[in-house]
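The values are calculated or read from the model by the stated rules, or taken from the named source; none is laboratory data. It should be emphasised that the depicted structure is a prediction, and the values quoted were computed from it without experimental measurement. Cβ coordinates were reconstructed from backbone atoms using ideal geometry, including for glycine residues, and neighbour counts include every protein chain displayed.
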Amino acid sequence: MNLIIYAIIALGAVGLFFGVLLSIASKAFAVKVDPKETLVRAAVPGANCGACGFPGCDGFSKAVIAGIAPVNGCPVGGAVTAAKIAEVMGVAAGDSEKQVARVACIGTSESAIDKYEYYGVETCKAAMAVQKGPKGCEYGCMGFGDCVTACAFDAIHIVDGIAKVDADKCTGCKACVKACPKSVIDMAPATQKVFVDCKNLDKGKAVKDVCQVGCIACGLCVKACPFDAIHMVDGVAKIDYAVCKNCKICAKKCPTGAIFPQLKLKEMAEKKAAAEAAKKEAEQTAN
Amino acid sequence: MSLFAIFISALFVNNFVLSRFLGICPFLGVSKKVETSVGMSMAVTFVMLLASLITYMLQVLVLERFGLGYLQTIMFILVIASLVQLVEMFMKKASPTLYEALGVYLPLITTNCAVLGLAILNIQMEFNLIELVVNSVGAALGFSMAIILFAGIRERLELSNMPRAMQGFPIALISAGLMAMAFLGFAGFSIG
């Protein structure tokens with residue numbers, strides 16, 4: 001019996017000693033946390049995605065308090081979070097337009113050819129190591145889905161052999177942009193409706209040889225744009241999103257369909273269908 | 001036993017992970033990347049050294065003096081857990097840089113069996129204070145070496161082609177077993 005009592009006393013005493021020591025220590029070594037930091041930390045989404053360029057949401061909160069990061073520095077939270085943080089910090093939020101990722105390639109397994117068959121590890125990084133990947137076009141999406149793995153929000157998927165972003169789910173964290181070894185993913189404002197979905201810097205025939213829907217740098221879109229919002233940069237058309245009015249004239253002019261939405265292709269398909277229908281009708285009346 | 005023999009024995013021959021099979025949990029859990037395994041091994045090294053010193057004092061000053069040897073295990077657990085908490089608080093205040101470096105790994109090892117195992121083995125081997133420090137450093141470095149080597153292997157395994165059933169954890173367990181067998185080779189050394 002005595003043994004049990006001694007054990008209880010000894011353990012209790014040591015436990016009490018350390019308990020008291022810890023509670024004193026928590027007071028003595030208390031680190032002053034800026035109450036603002038707790039508020040800022042509560043305002044951010046907390047996904048720790050690192051899109052802001054700081055180590056996680058804690059790092060971002062600290063940087064905001066220190067004045068290093070802007071209040072609208074969190075691309076995931078967007079304007080709502082920026083407003084909350086601005087309220088805490090007592091400054092104006094400023095505009096932070098929501099940006100979403102866009103895969104600048106529509107060379108699906110149908111329209112783009114492969115230069116060899118790849119039987120390796122099923123990641124873009126590994127495929128990149130073999131002749132810059134199996135895809136004939138050196139610049140296009142290979143569709144092994146490194147971006148899909150990188151996305152924490154289930155917003156990017158492989159459709160018909162290329163990655164496609166679900167703009168509604170995309171939070172603009174840029175994880176896919178970093179993961180893509182081809183650098184084929186860009187950021188664009190969420191309101192943008194017209195895109196050049198090609199990154200191929202080659203010209204004319206070289207593009208056509210590997211992909212039917214690539215930008216051949218013909219310059220028709222540049223001439224057609226009434227707002228001077230689209231230009232040829234290093235052999236591929238590029239839209240200046242700040243100037244673009246989403247009129248889609250370029251999309252109507254693009255002969256290969258590299259500009260989304262592919263109006264010219266649709267128009268041509270319709271014309272062809274109409275012509276065929278007329279031909280059939282003519283044949284029938286002739287009979 | 002000379003100090004050198006104690007050190008080599010703790011580092012290779014009786015490696016905590018690969019021949020005593022202590023601390024398998026962090027060895028498998030935190031060894032996916034070399035970077036995180038380095039953080040983990042730093043935290044373990046730090047806590048092992050500190051804990052073995054404190055538990056030695058507790059053993060000599062309290063347990064042996066009052067004849068409470070049978071309370072050793074529970075006392076050591078209590079002391080190590082509180083100690084790690086205390087150290088964490090102190091570090092946060094005194095050295096934020098070190099606190100950031102060890103990060104989440106420090107609270108993770110409050111009840112690590114390698115730490116407790118080292119504390120108890122130190123007492124069993126009847127080391128004096130200097131021998132105890134040498135043994136603890138050896139054991140901690142042994143743990144670090146094992147986990148960092150293993151993380152390197154796992155990083156490569158990640159990229160290699162293998163049957164689906166073997167991917168991930170199964171192959172990690174097999175390679176851990178192979179590593180342990182390789183370390184068995186050290187058991188033949190006799191160090192005077």
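Can you spot a residue in region A:147-157 that is buried (at least 24 other Cβ atoms within 10 Å of the Cβ) and farther than 24 Å from A:Thr191 by Cα?
Scanning region A:147-157, I find no residue that is buried (at least 24 other Cβ atoms within 10 Å of the Cβ) and farther than 24 Å from A:Thr191 by Cα, so the answer is no.
Within region B:89-102, is there a residue that is modelled with pLDDT of 90 or more and of a type in the set (S, T, N, Q)?
no
Return the pairs, sorted by first residue and then second, in which the second residue is of a type in the set (Val, Ile, Thr) and part of a loop (DSSP other than H, G, I, E, B), the first residue lies in region A:189-205 and is in contact (Cβ under 8 Å) with a residue 24 or more places away in the chain, the beta carbons are less than 6 Å apart, and the residues are 6+ apart or on different chains.
Every condition considered, the pairs that remain are A:Asp197/A:Ile106; A:Lys199/A:Val184.
So in region A:24-56, with the set limited to residues that are within 14 Å of chain B (Cβ to nearest Cβ) and aliphatic (A, V, I, L, M), which one is nearest to the chain's Cα centre (by Cα)?
Once the filter is applied, the top-ranked residue is A:Val33.
Can you name the condition, by its number, that A:Leu21 falls short on among (1) touching a Pro at 6+ places or on another chain (Cβ under 9 Å); (2) within 14 Å of chain B (Cβ to nearest Cβ); (3) of a type in the set (A, V, I, L, M, F, W, C)?
(1)
What pairs come out if I take residues in region B:139-158 that are aromatic (Phe, Trp, Tyr) and pair them with residues that are outside any helix (DSSP H, G or I) whose C-beta lies under 7 Å away, six or more apart or interchain?
What qualifies is B:Phe143/B:Phe16; B:Phe143/B:Val17; B:Phe143/B:Gly23; B:Phe150/B:Ser31.
Return only the number of the condition from (1) surrounded by fewer than 13 Cβ atoms within 10 Å (Cβ to Cβ); (2) touching a strand residue (DSSP E or B) at 6+ places or on another chain (Cβ under 8 Å) that A:Gly107 does not satisfy.
(1)
Tell me which residues, restricted to region A:209-225, are touching a residue at least 40 places away in the same chain (Cβ under 8 Å) and in contact with a Gly (Cβ under 7 Å, 6 or more places away or on another chain).
The answer is A:Val210, A:Cys211, A:Val213, A:Gly214, A:Ile216.
Answer yes or no: is there a residue in region A:2-12 that is within 30 Å of A:Ala175 (Cα to Cα) and either surrounded by 15 or more Cβ atoms within 10 Å (Cβ to Cβ) or aromatic (Phe, Trp, Tyr) (or both).
Looking for residues that are within 30 Å of A:Ala175 (Cα to Cα) and either surrounded by 15 or more Cβ atoms within 10 Å (Cβ to Cβ) or aromatic (Phe, Trp, Tyr) (or both), one finds none in region A:2-12, hence no.
Out of region B:115-160, which residues are within 24 Å of B:Val87 (Cα to Cα), small (Gly, Ala, Ser) and touching a helix residue (DSSP H, G or I) at 6+ places or on another chain (Cβ under 6 Å)?
Of everything in region B:115-160, those that are within 24 Å of B:Val87 (Cα to Cα), small (Gly, Ala, Ser) and touching a helix residue (DSSP H, G or I) at 6+ places or on another chain (Cβ under 6 Å) turn out to be B:Ala119, B:Ser136, B:Gly138, B:Ala139, B:Ala140, B:Gly142, B:Ser144.
When region B:66-105 is examined, which residues are found to be more than 8 Å from chain A (Cβ to nearest Cβ), loosely packed, with under 14 Cβ neighbours inside 10 Å and not in a helix (DSSP H, G or I)?
Across region B:66-105, the qualifying residues are B:Gly67, B:Ser95, B:Val104.
Check off (1) surrounded by 15 or more Cβ atoms within 10 Å (Cβ to Cβ); (2) closer than 14 Å to A:Tyr139 by Cα; (3) among the polar types (S, T, N, Q) for A:Ser183 and give me the number that stays unchecked.
Only one criterion in (1) surrounded by 15 or more Cβ atoms within 10 Å (Cβ to Cβ); (2) closer than 14 Å to A:Tyr139 by Cα; (3) among the polar types (S, T, N, Q) is unmet by A:Ser183, namely (1).
Please give the number of the condition A:Gly214 fails out of (1) surrounded by fewer than 18 Cβ atoms within 10 Å (Cβ to Cβ); (2) of a type in the set (Gly, Ala, Ser); (3) in contact with a helix residue (DSSP H, G or I) (Cβ under 8 Å, 6 or more places away or on another chain).
(1)
For region A:184-260, please list each of the strands (runs of 3 or more DSSP E) lying entirely inside it that holds at least 3 residues being closer than 15 Å to A:Val103 by Cβ.
Values: elements: A:185-189, A:230-233, A:236-239.
Answer list for region A:184-260: A:185-189.
Check B:Lys33 against each of (1) among the basic types (Lys, Arg); (2) within 19 Å of B:Ile123 (Cα to Cα); (3) surrounded by fewer than 16 Cβ atoms within 10 Å (Cβ to Cβ) and name the one condition it does not meet.
(2)
So which of B:Thr45, B:Thr36, B:Thr73, B:Thr55 is within 19 Å of the chain's Cα centre (by Cα), over 17 Å from B:Ala119 (Cβ atoms) and polar (S, T, N, Q)?
That would be B:Thr36, the only listed residue that is within 19 Å of the chain's Cα centre (by Cα), over 17 Å from B:Ala119 (Cβ atoms) and polar (S, T, N, Q).
Go through the residues of region B:117-130 one by one and say whether even a single one is over 18 Å from the mean Cα position of the chain (by Cα), within 11 Å of chain A (Cβ to nearest Cβ) and hydrophobic (A, V, I, L, M, F, W, C).
Within region B:117-130 (the criterion being over 18 Å from the mean Cα position of the chain (by Cα), within 11 Å of chain A (Cβ to nearest Cβ) and hydrophobic (A, V, I, L, M, F, W, C)), the answer is no, since none of the residues qualifies.
Which condition number in (1) over 18 Å from A:Ala63 (Cβ atoms); (2) at the interface with chain B (Cβ under 10 Å from one of its Cβ atoms); (3) at pLDDT below 90 is the one that A:Asn2 fails?
(2)
Which residues, taken from region B:152-168, are within 11 Å of another protein chain (Cβ to nearest Cβ) and not polar (S, T, N, Q)?
Answer for region B:152-168, where residues must be within 11 Å of another protein chain (Cβ to nearest Cβ) and not polar (S, T, N, Q): B:Glu158, B:Leu159, B:Met162.
Look through B:Phe169, B:Phe127, B:Phe186 and report the one residue that is under 29 Å from B:Tyr56 (Cα atoms), surrounded by fewer than 18 Cβ atoms within 10 Å (Cβ to Cβ) and among the hydrophobic types (A, V, I, L, M, F, W, C).
B:Phe186
Tally up the residues in region A:267-287 that are exposed (fewer than 10 other Cβ atoms within 10 Å of the Cβ) and part of a helix (DSSP H, G or I), please.
Qualifying residue count, region A:267-287: 4.
Looking at region A:138-183, which of its residues are part of a helix (DSSP H, G or I) and in contact with a strand residue (DSSP E or B) (Cβ under 7 Å, 6 or more places away or on another chain)? Break it down into steps so the answer makes sense when it comes.
Quick first cut of region A:138-183, residues part of a helix (DSSP H, G or I) only: A:146-150, A:175-179.
Residues satisfying the conditions are A:Cys147, A:Val148, A:Cys176, A:Val177.
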